[in-house]
């Protein structure tokens, strides 16, 4: 399983002091069937705890997900700032999932080289969740 985060998502989690180990933990939960909300079309909403706090007051992440293959963290928000995403944004994420989840390894490498996405690291190594 390869795990990625968008440039915008990476900036958000860096600001909120959410580390790659927490992102890997969220993917492990999903892989083990502990999904907070499956929005369909390869889009999952998963909670991530605030550092030093629990998940209920934490963040909601949007992940484009293909079991056993790839996960792309693309959006994150605090529940106290936004209760939920609207239908238009959900549809946009589903459209994005169709595109990104169909990319070949070569196309993903181009995204990485261009800085659009970065691979999530765990202990300095490529993630194997």
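Since every read-out is calculated from the coordinates, none of them should be taken as a lab result. Just so we're clear, the structure is a prediction, and the values are computed from it rather than from any experiment. When we count neighbours, we look across all protein chains shown, and the Cβ atoms used for this are built from the backbone with ideal geometry, even at glycine.
For the stretch 72-121, what does the alpha-carbon gyration tensor say about shape, rounded, prolate or oblate, given a ≥ b ≥ c as the root eigenvalues, a/c under 1.5 as rounded, and a/b over b/c as prolate?
oblate
Rounded if a/c is under 1.5, else prolate if a/b beats b/c, else oblate: with a ≥ b ≥ c from the C-alpha gyration tensor eigenvalues square-rooted, which is the stretch 1-48?
prolate
Taking the Cβ-Cβ separation of residue 49 and residue 11 as r and a Förster radius of 30 Å, what is the calculated FRET efficiency to the nearest 0.05?
Computed FRET efficiency for residue 49 and residue 11 comes out at 0.95.
Calculate, axis by axis, the spread of Cα positions in the chain along the three principal axes, and write the results as whole Å, longest axis first.
Reported extents, whole Å, longest axis first: 38, 35, 28.
Divide by every residue of the chain the summed helix terms, -39500 (n - 2.57) for each DSSP H run of at least 4, and state the resulting mean residue ellipticity at 222 nm, rounded to the nearest 500 deg cm²/dmol.
Estimated from H runs of four or more residues: -10500 deg cm²/dmol.
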